[in-house]
Amino acid sequence: MLPQDDQLTITHRQVVETLEMMMSVESLPMYIHSSTGGRTTAVIIACLRKLQNWDLVAILTESTRFSSDNYTSVVASFVESFKVNFGDLFFEP
């Protein structure tokens with residue numbers, strides 16, 4: 001069952017753990033896909049873009065362009081409140 005429009009099924013910690021895995025050289029190349037409609041994927045990629053210092057408008061524009069669902073407000077709320085420093089991420093050599 002897909003979450004309602006105002007809900008996400010991923011936590012801040014899960015996003016951080018996923019970003020850590022994505023930034024590990026051992027995980028590359030990587031294919032990112034969501035079998036539940038893309039909401040989780042959109043949040044993870046949007047948070048990655050935030051770490052890459054993208055402007056929020058650019059992040060949401062990309063998210064909207066590639067989404068098959070209309071959940072930009074949910075993604076926007078999560079991404080706006082998402083805070084993590086590169087120094088806080090665990091990187092494996």
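The values are calculated or read from the model by the stated rules, or taken from the named source; none is laboratory data. Remember, it's a predicted structure, so these values are computed and weren't measured experimentally. For neighbour counting, all protein chains shown are included, and Cβ atoms are generated from backbone atoms with ideal geometry for every residue, glycine included. Just so you know, the surface numbers come from the protein's heavy atoms only, side chains and all, with ligands and any DNA or RNA stripped out. Shrake-Rupley method; radii C 1.70, N 1.55, O 1.52, S 1.80 Å.
Brief remarks follow.
- In segment 7-18, of all residues being of a type outside the set (D, E) and in a helix (DSSP H, G or I), the one that is surrounded by the fewest Cβ atoms within 10 Å (Cβ to Cβ) corresponds to R13.
- Segment 19-39: number of residues that are under 19 Å from S77 (Cα atoms) and in a helix (DSSP H, G or I): 2
- Residues satisfying the stated conditions in segment 23-39, i.e. hydroxyl-bearing (S, T, Y) and open to solvent by 20 Å² or more (accessible area, probe 1.4 Å): S27, Y31, S34, S35, T36
- Unique match (being assigned to a helix (DSSP H, G or I), open to solvent by less than 80 Å² (accessible area, probe 1.4 Å) and over 11 Å from V79 (Cα atoms)) among A42, A58: A58
- Residues of segment 59-84 that turn out to be under 25 Å from V25 (Cα atoms) and either charged (D, E, K, R) or at pLDDT below 70 (or both), as a count: 2
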